[in-house]
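Note sheet for the following structure.
What follows draws every value from the coordinates through simple rules; no lab data is involved. Note that this is a predicted model, so its numbers are computed, not measured. Reconstructed Cβ throughout: ideal geometry from the backbone, glycine too, with neighbour counts over all protein chains shown.
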Amino acid sequence: MKKVKNPQELETLRKTILQEKYSEKPCIIISEKSTCCYLSGSREVVEAFEEGLKNFDLQNQIDIKTTGCLGFCEIEPIVIIEPKGIVYQKVKREDTLEIITETILNDIIVERLLYVEPVSGNKCKTEESMPFYKKQSRFILGNNRFINPLEINDYIAINGYKALANVLYKIKPEDVIDEIKKSGLRGRGGGGFPTGKKWEYARAAKGDPKYVICNADEGDPGAYMDRSLLEGNPHSVIEGMIIGAYAIGSHEGFVYVRNEYPLAVNHLQNAIKQAEEYGFLGKNIIGSGFDFTIKISRGGGAFVCGESTALMASLEGKPGEPRAKYIHTVEKGLWNKPTNLNNVETWANVPLIINRGADWYSKIGTDKSKGTKIFSLVGKINNTGLVEVPMGIKLNEIIYDIGGGIPDGKKFKAVQTGGPSGGCIPESLINLPVDYEKLTLAGSMMGSGGMIVMDEETCMVDVAKYFVNFLKEESCGKCVPCREGLERMGEILTDITEGKSNDEDLELLEELGEVIKDTALCALGGTAPNPVLSTIKYFRDEYKAHIEDKRCPAGVCKALIEYSIDLNKCTGCGLCLKQCPQDAITGEKKKAYNIDPMKCIKCGACYDVCKFDAIIKK
Amino acid sequence: MRKQGELLPKDFRLLDAIIKKYEGKKEFLICILQDIQNVFEYLPRQALIHVSEKLEIPLIQVYGVATFFKAFSLTPKGGHTCTICLGTACHVRGAEKVLDKVKRSLDIEVGETTKDMQFTLKTVNCLGACALGPMMVVDDDYHGHMSQNKVDEILKKYSSRF
Amino acid sequence: MEITLNGVKVQVEEGWTILEAARFYGANIPTLCYYDGLEPYGSCRLCVVEIGKDDRAKLVVSCIHPVKEGLKIRTHSPRVVKARKILVELLVARCPTSKVLQDLAAELGVDKVRFKPKNEDCILCGLCVRMCKEQMNAEAIGFVSRGVNKRITTPFNAKSDKCRTCGACEWICPACQLRCHGPEPPTTLCSGCLNFSPPCVDKYEDAMCYLDPCVACLIDKNEKKIGKKKK
């Protein structure tokens, strides 16, 4: 690859690529270059298509493009047949032959592989007709469809690095910052701090050298937006970082990726190498005289390293202990030098804003929250996946219109946003518009974008206990409120779930929670009480049931439930008996069975296998 | 899988090569430890002492870093590492039940290794594969949509004692 | 520069921390992990004070937070006092046999400990670590692991060849000082000075209790009022 020496050469290169690769040639798109797509078997599907096309001597007429995450994770492996855009779901190796002979050779649709809308029963042929995609605004994630993340040319073909060339040659650094300020972009990692302002402070800070960091330590359980962006479109993040570095005056950048994301590291390494070959990174970028390099650093398995000061400590080779932010990291960050840290999704928004303009961008969203946000919609939801929506969209639109509602006809109970720093939003607030302010007012927060849906079988006390235990494990242990306080909160919550508590414990939880919020060293401890306090606020009755009635309404807390068999529904099939690890189930075939409560360890294996809904948990 | 014990001269040469790769710079301590863990499958005591000397970092600091991060293990692991994801999405879909079943089947607690050194049980807080939850990873194999009754079937594939 | 300390405008120097400024003017802010001469660490959080006002008021640790022009500081607001009490309650529950902690509990008016007592010897204030590194130049001990498993030890828990057995760590440790004579089981609190007859220097050559202010003489109605004894 030859180095691109000026914007004109870049445009020439782009035209050449488009001519060579992007004619109306038919193409099979398979999302294989993403961890969970890969795990659902898309590699086999790719291989099957490769074999199949060869068998029919079509390998030169039809392209296979392997891409990153396409968003609708529930129906993976997804195959899209271009140019008509026919979408097939849950494709297996065995299906590929039919797809080739019917759709590719004869333009006939394989009906059984189409996505079926659960409510109407309609079959959807293309992405545009699927309710999952209709209400989304996939400006960032939508590009994954067009890119093989290991091919920089694919990114260039969709106007990649155009924003960078524009900025380096036509826009002054201060004006870049103004544009980002005007756009209203706010940090997508959870803090929601205005990005333009942060860059302004970093630029004004005294000190040399200045550093630029991409925080890819996505630790919120249930959130995987950053992973999908890095795996599926690493160049969008790289381009954003270079633009930011230019605006601030930095020449050295780091991407700190968590240890559990090997594929993201791999794709990023490859992307950096290719960008260097083209001269988009390194010395004299696109002939402009601006230098910038990016290094990748891997985390060591610590959630707390998502906190910016802990991340910087880890980059310096020290344990990831946060420090007080009375002196801001934009002034004294990495090695005490001015450092600008932004989240993956924040960086990915930058080229979009430069290309389309701050005016266009600021029309999307609400008054104070502009642009789109990518959420990971997971948990008890029909359409699990990554959704990108304009700020201000209502929660019920996300959960019902896009998410397809709750599986198995169960009732919606709450949605947890903001990860361990956030809170649970109940049914009564289902019409809440989603933006930074509204979520915080409701007692939760935007966070990095995890959206975990819970139904009537989720116990909110158990959820609070889960989050406290999670944070207890991940706490760095430096400050007393977080280390001691969270452990004690965990003890009280455990007592509540075991029916060993009283009303005073609830008050103590609230008191502890307030003090931890006030005195913790960093945001991990400072926001740790949120899940507890928000569940107490909205689900106090459920806590009271555990405390006063010694009862778990959702049927989750082991110590408070008992498994029994509904004599009317049990057919005596014997499936549960086989599963029981304690031999607690007895009975004769074809007659109703019985569970011995003395032997039962409440593992729930019987409940999981019973096809007749005959196991009762109360 | 190597046993805990003395490091051989060739092991020290390997350590030096890793240190050289990072130009012996203090800030690459974590990267160096990660590379050592990749090769030895854990962090041998002698390796930590050697790194402390070569990088001129006080041993207690090296030890502090090695014990702070969960990715590092100071004891040799079992033949197969079984990791259950306890992320929120997996939790809500019943990951605790899967974990309990694995604990019963292997008769160990989290962080422990079975007596015959065949399995080590770990947990992780979100692998980022939430659509496939609950997730169980054995070595490099990911198993999605887990439930209690699938556990023994899968463990059987890795060890004859099932 | 000028700051407002508990409603009073005072002059301070650039580079002072809030704690230094407060102590200069006699405001009594309790500390545990702070020691003059060692780098402040900010882990016990006892020295928190409230700054700012209304919605934007927040608690910060005074041992690290620098003074700034116009800063409004309240060292004993209700929010601060409540926080300190809970923090001490947590600490006493962790290490009930530490006299320093029991004294702090009595001083702050903590009258119940609502958590199950642990029997830790160490409160992880890190004074020993900083003492060993900064003053003794040995760096033989340090923090290991994280979260509730965090502890202070030598590498591999083994005898360290960097340790010169100078004893500075033991000297500075708040938990190693005089052991408290009697945490009462139900509350985990000592209340020793309330139970014994006044153990002050009038009666004993080596005073048993260093509680400041000493409550013993305040509650003893039989003896003549001796007045407040200082440490």
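For the range A:601-606, 3J(HN,Hα) computed residue by residue from phi via the Karplus equation (6.51, -1.76, 1.60; θ = phi - 60°) reads 9, 6, 6, x, 5, 5 Hz, glycine and proline entered as x. A cut-off of 5 Å between modelled amide H atoms, ignoring neighbours fewer than 5 places along the same chain, links residue B:119 with B:79, B:80, B:114. Shown for the range A:113-174: lysine pairs separated by 8 or more places, or found on different chains, whose C-alpha atoms are under 27 Å apart, numbering 6. Here residue A:413 is the anchor, and the aspartates and glutamates within straight C-alpha reach of less than 16 Å, apart from those fewer than 8 places off in the same chain, are A:397, A:427, A:455, A:456, A:457, A:462, A:541, A:542.
Cross-link pairs exceeding 26 Å in C-alpha to C-alpha distance, out of A:618/B:122; A:325/C:68; A:15/A:363; A:210/A:283; A:295/B:21; B:26/C:133, comprise A:618/B:122; A:15/A:363. Note that the range C:29-40 has calculated 3J(HN,Hα) couplings of 9, x, 9, 9, 8, 9, 8, 4, x, 10, 4, x Hz, one per residue in order, obtained from phi through the Karplus relation 6.51 cos²θ - 1.76 cosθ + 1.60 (θ = phi - 60°); glycine and proline are x.
Between the helical axis of B:59-68 and the longest alpha-carbon principal axis of chain B there is an angle of about 20 degrees.
Working from Cα pairs under 8 Å separated by at least six residues, relative contact order for the range C:104-173 is 30 percent. Taking the inverse of the mean reciprocal distance over all distinct Cα pairs, the Kirkwood hydrodynamic radius of the range A:418-493 comes to 13.7 Å. Ignore the peptide's own chain and count Cβ atoms of other chains within 10 Å of each Cβ in B:67-78; give me the average, rounded. For this peptide, the per-residue mean of nearby foreign Cβ atoms is 5. Mean residue ellipticity, 222 nm, helices only, chain A: the sum of -39500 (n - 2.57) across DSSP H runs of n ≥ 4, divided by residue count and rounded to 500, is -10500 deg cm²/dmol.
From most to least packed by mean Cβ count within 10 Å, the peptides A:214-226, A:83-95 give A:214-226, A:83-95. Here is the link list: A:500/A:558; A:465/A:537; A:92/A:410; A:182/A:337. Which ones come out longer than 21 Å on Cα distance? Table pairs above 21 Å Cα-Cα are A:92/A:410; A:182/A:337. The simple spin-label model puts a point 7 Å past each Cα toward its Cβ; for residue A:117 and residue A:284 those points are separated by 5.8 nm.
Here the range B:8-162 is treated as a sphere whose radius is the Kirkwood value from Cα pairs; by Stokes-Einstein at 10 °C and 1.306 mPa s it diffuses with a coefficient of 93 µm²/s.
From Cα pairs below 8 angstrom and at least 6 apart in sequence, can you work out the relative contact order of chain A, rounded to a whole percent?
With pairs under 8 Å counted, the relative contact order is 12 percent.
Among beta bridges from DSSP that stay inside the protein assembly as shown, the antiparallel ones total about 60%.
Within the same chain, aspartates and glutamates fewer than 8 places from residue A:273 are excluded, and of the rest, those with a Cα less than 12 Å from its Cα are A:151. Against the longest alpha carbon principal axis of chain B, how many degrees, from 0 to 90 and to the nearest 10, is the axis of helix B:9-21 turned? Approximately 90 degrees, to the nearest 10. Using the Cβ-Cβ distance between residue A:146 and residue A:174 with R0 = 35 Å, the FRET efficiency computed as 1/(1 + (r/R0)^6) comes to roughly 0.60.
Put simply, the amide H of residue A:254, placed in the peptide plane, has neighbours under 5 Å in A:212, A:213, A:214, A:295, leaving out anything fewer than 5 places away on its chain. For the range B:9-68, a crude dipole built from +1 on the beta carbon of Lys and Arg and -1 on the beta carbon of Asp and Glu, taken about the Cα centre, is about 100 debye to the nearest 20. Report note on the peptides A:402-409, C:88-95, C:75-82: ranked by the mean count of other C-beta atoms within 10 Å, highest first, their order is C:88-95, A:402-409, C:75-82. Taking the convex hull of the alpha carbon positions in the protein assembly as shown and averaging its projected area over all directions gives 46.2 nm². Taking GluC sites (Glu not before Pro) across the range A:531-618, the ones in a DSSP loop with at most 10 further Cβ atoms lying within 10 angstrom of their Cβ are A:588. The charge dipole of chain A, taken about its Cα centre with unit charges on the Cβ of Lys, Arg, Asp and Glu (plus for the first two, minus for the last two), comes to roughly 980 debye.
Evaluating 6.51 cos²θ - 1.76 cosθ + 1.60 at θ = phi - 60° for every residue in the range A:575-587, the Karplus couplings come out as 4, 5, 4, 5, 7, 5, x, 10, 6, 8, 9, 10, x Hz, glycine and proline recorded as x. For the set A:380/B:70; A:332/A:478; B:103/B:150, the pairs lying more than 23 angstrom apart at their alpha carbons are A:380/B:70. The angle between the Cα long axis of helix B:29-40 and the longest principal axis of the Cα atoms of chain B comes to about 70 degrees, rounded to the nearest 10. Simple spin-label estimate for residue B:117 and residue A:541 gives 5.8 nm between the two label positions (7 Å along the Cα-to-Cβ direction from each Cα). The lysines within cross-link reach of residue A:591, meaning a Cα-to-Cα straight distance under 17 Å and a gap of 8 or more places when in the same chain, are A:569, A:578, A:611.
This model, with +1 at the C-beta of Lys and Arg and -1 at the C-beta of Asp and Glu, gives the range A:146-362 a dipole about its Cα centre of some 560 debye.
Counting 0.36 nm for each residue step from residue C:9 to residue C:156 and taking away their Cα separation leaves a gain of 47.7 nm. For the range C:1-70, the list of trypsin sites (Lys or Arg not before Pro) that fall in a loop by DSSP and count at most 16 other C-beta atoms within 10 angstrom reads C:53, C:68.
How far is it, in nm, from the label point at residue A:356 to the one at residue A:15 when both lie 7 Å from their Cα along the line to the Cβ? The modelled label-to-label distance comes out at 2.7 nm. For the range A:178-261, averaging the sequence separation of C-alpha pairs within contact (under 8 Å, six or more residues apart) and dividing by the residue count gives a relative contact order of 34 percent.
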